[in-house]
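What follows is a single structure, written as structure tokens, with notes after it.
The values are calculated or read from the model by the stated rules, or taken from the named source; none is laboratory data. What you are looking at is a predicted structure, and each value in this text was computed from that prediction instead of being measured. Ideal geometry is used to build each Cβ from the backbone, glycine not excepted, and the neighbour counts take in all protein chains shown. In case anyone asks, the SASA skips ligands and DNA or RNA and just uses the protein heavy atoms, side chains included. Shrake-Rupley method; radii C 1.70, N 1.55, O 1.52, S 1.80 Å.
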Amino acid sequence: MERKDFETWLDNISVTFLSLTDLQKNETLDHLISLSGAVQLRHLSNNLETLLKRDFLKLLPLELSFYLLKWLDPQTLLTCCLVSKQWNKVISACTEVWQTACKNLGWQIDDSVQDALHWKKVYLKAILRMKQLEDHEAFETSSLIGHSARVYALYYKDGLLCTGSDDLSAKLWDVSTGQCVYGIQTHTCAAVKFDEQKLVTGSFDNTVACWEWSSGARTQHFRGHTGAVFSVDYNDELDVLVSGSADFTVKVWALSAGTCLNTLTGHTEWVTKVVLQKCKVKSLLHSPGDYILLSADKYEIKIWPIGREINCKCLKTLSVSEDRSICLQPRLHFDGKYIVCSSALGLYQWDFASYDILRVIKTPEIANLALLGFGDIFALLFDNRYLYIMDLRTESLISRWPLPEYRKSKRGSSFLAGEASWLNGLDGHNDTGLVFATSMPDHSIHLVLWKEHG
């Protein structure tokens with residue numbers, strides 16, 4: 001057939017084909033395919049692939065591509081990155097997608113960083129760490145050896161761990177190296193707290209003492225309690241020290257002078273925890289910036305204003321039950337906004353502005369767990385056998401780590417949490433250092449540490 005005649009025929013056929021129904025068009029194509037040879041079928045296959053397999057991610061505007069990508073889970077996104085260089089380029093450029101993926105894993109997000117590739121790399125690092133947590137492989141252990149008698153008191157700050165023992169000594173350890181930085185002679189220590197220059201100890205001899213690290217000298221001695229001192233806290237800015245005792249009282253002292261400013265009464269059990277903290281919220285009873293004192297016994301948490309008035313009144317008393325068979329665990333969390341403690345009834349969180357209970361986490365898994373640390377994203381808990389991490393968004397336990405037969409203390413001073421910033425969200429840098437420390441029956445200190453990233 002001549003070219004001109006063929007074109008005329010093709011035009012006539014095309015007009016007729018367009019007038020057919022969809023079913024008739026399909027039957028026509030089936031018939032033509034049955035008449036085609038290998039050359040025609042190969043030509044048809046090559047052209048159909050181009051028509052049907054269109055790269056929508058390449059053709060769509062970037063904003064629409066990003067919108068569609070947000071609906072995919074991160075693992076699918078990583079698979080999509082392998083489709084082509086173009087897909088990898090588009091997916092890797094979507095900052096919001098990778099930031100959301102990191103946030104869903106419990107990672108802290110700095111919105112000022114808008115480099116998508118940075119967040120993709122952070123996600124890959126985050127997924128590795130979360131896999132280690134799920135597989136119970138995120139931690140490692142170590143020991144500190146040096147005391148010759150029971151270690152009752154522990155306090156951790158900025159990579160340094162202080163231990164107070166019945167061998168009448170206190171030691172300051174560098175957790176990263178396991179080396180003892182200072183060792184000084186003291187009294188029997190039931191509680192310790194320190195800074196760069198000094199150590200404050202509460203003792204079973206009913207006194208509180210202040211010691212100088214560099215010389216080991218006792219610079220102040222606080223006498224007045226009639227029972228063992230189980231908890232101490234202080235603030236240099238206020239020049240105030242507070243102590244909680246087995247004599248059911250809390251005492252407020254002038255830190256530099258050593259004189260008793262106030263004795264707070266109202267507890268009906270041993271005061272096992274005192275916390276001196278700056279308030280971060282406003283209420284009818286306090287303003288942001290006010291210093292607040294919390295004291296706890298086995299049933300109640302009392303809230304006091306810090307002032308030098310003789311007749312200091314308790315602002316509020318918190319409890320989880322009137323049933324005296326339900327005891328509070330000895331650990332207490334207070335960050336200026338929320339108060340958190342655990343009991344057999346669950347994990348309780350109070351709003352400090354209103355004193356209302358914001359949340360009670362009651363699950364079978366945490367019935368016998370004690371609180372170590374509490375943040376915006378994670379909580380650190382433990383029992384006689386394991387250390388646990390809870391995702392507070394789902395209230396589920398996501399990791400655990402076995403613990404040895406550690407020395408148990410009803411006052412909660414012989415075990416503690418280490419670094420706490422990761423509880424507000426991991427960031428790839430704060431998952432290092434000490435996680436947990438406890439004293440052992442052989443007088444050593446058992447450490448649980450973050451394992452380095454693989």
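Separation of segment 285-358 from segment 148-201 is 28 Å, based on Cα centroids.
With all protein chains present and a 1.4 Å probe, how do Glu395, Glu134, Glu7 order by accessible area, largest first?
Values: Glu395 65, Glu134 110, Glu7 85 Å².
The most accessible residue leads, giving Glu134, Glu7, Glu395.
Taking the C-alpha atoms only, the angle from helix 95-104 to the longest principal axis of the chain is near 50 degrees.
When N counts the residues of segment 173-326, how does its alpha-carbon radius of gyration compare numerically with 2.2 N^0.38 Å, as a ratio?
On the way: Rg = 16.3 Å, N = 154, 2.2 N^0.38 = 14.9 Å.
It is 1.09.
Could you work out how much longer the chain between Asp323 and Asn430 gets when fully extended? Use 0.36 nm per residue separation minus the Cα distance between them, nm to one decimal. Could the numbers behind the result be given before it?
Numbers: separation 107, 0.36 × 107 = 38.52 nm, distance 4.03 nm.
That pair, Asp323 and Asn430, stretches by 34.5 nm at full extension.
The label-point distance for Lys337 and Ser354, in a model that sets each label 7 Å from Cα toward Cβ, rounds to 1.6 nm. Take each peptide in 110-122, 228-240, count the other Cβ atoms within 10 Å of every residue, and average; sorted highest first, the result is 228-240, 110-122.
What number, rounded to the nearest 500 deg cm²/dmol, is the helix-based mean residue ellipticity at 222 nm of the chain, given -39500 (n - 2.57) per DSSP H run of at least four residues and division by all its residues? Walk me through the numbers on the way to the answer.
Details: 9 runs with 101 residues, N = 454.
So the helix-based figure for the chain works out to -7000 deg cm²/dmol.
Rounded to the nearest 0.05, the FRET efficiency derived from the C-beta distance between Ser287 and Asp195 at R0 = 25 Å is 0.40.
For the cross-link pairs Lys120/Lys362; Lys103/Lys198; Lys280/Lys302, the ones whose C-alpha atoms lie over 28 Å apart are Lys120/Lys362; Lys103/Lys198. So if R0 is 35 Å, what FRET efficiency would Asp239 and Lys313 give, r being the distance between their Cβ atoms, rounded to the nearest 0.05? Calculated transfer efficiency: 0.95.
Under 18 Å from a point placed 7 Å out from the Cα of Ser421 along the Cα-to-Cβ direction: which residues of segment 116-142 have their backbone N that close? Under cut-off, by backbone N: 122, 126. Once the C-beta distance of Ala257 and Leu59 is scaled by a Förster radius of 60 Å, the resulting FRET efficiency is 0.15 to the nearest 0.05. A simple rule links phi to the HN-Hα coupling: the Karplus curve 6.51 cos²θ - 1.76 cosθ + 1.60 with θ = phi - 60°, which for segment 424-429 gives 8, x, 6, 9, x, 10 Hz, with x for Gly and Pro.
Based on C-alpha pairs under 8 angstrom that are at least 6 apart in sequence, the chain has a relative contact order of 11 percent.
Average projection, convex hull of the Cα set of segment 173-228: 3.9 square nanometres.
Straightening the chain between Ala38 and Gln75 buys 9.2 nm, computed as 0.36 nm per residue apart minus the Cα-Cα spacing.
Straightening the chain between Lys451 and Ser19 buys 148.3 nm, computed as 0.36 nm per residue apart minus the Cα-Cα spacing. So, taking all protein chains as they sit and a 1.4 Å probe, how much accessible area belongs to Thr394, in Å² rounded to tens? Using a 1.4 Å probe on the heavy atoms, I get roughly 90 Å². Simple spin-label estimate for Lys4 and Asp158 gives 9.8 nm between the two label positions (7 Å along the Cα-to-Cβ direction from each Cα).
Please list log₁₀ I(q)/I(0) at q = 0.07, 0.08, 0.09, 0.10 Å⁻¹ for the chain, using the Debye equation with identical point scatterers on the alpha-carbon positions. The Debye formula, applied to the Cα set alone, gives -0.49, -0.58, -0.68, -0.80.
Applying the Karplus relation 6.51 cos²θ - 1.76 cosθ + 1.60 with θ = phi - 60° to segment 234-243 yields 3J(HN,Hα) values of 8, 9, 5, 4, 7, 6, 10, 10, 10, 9 Hz, where x marks Gly and Pro.
If you take the square roots of the eigenvalues of the alpha-carbon gyration tensor of segment 57-133 and sort them as a ≥ b ≥ c, do you get rounded (a/c under 1.5), prolate (a/b over b/c) or oblate? The shape class here is prolate.
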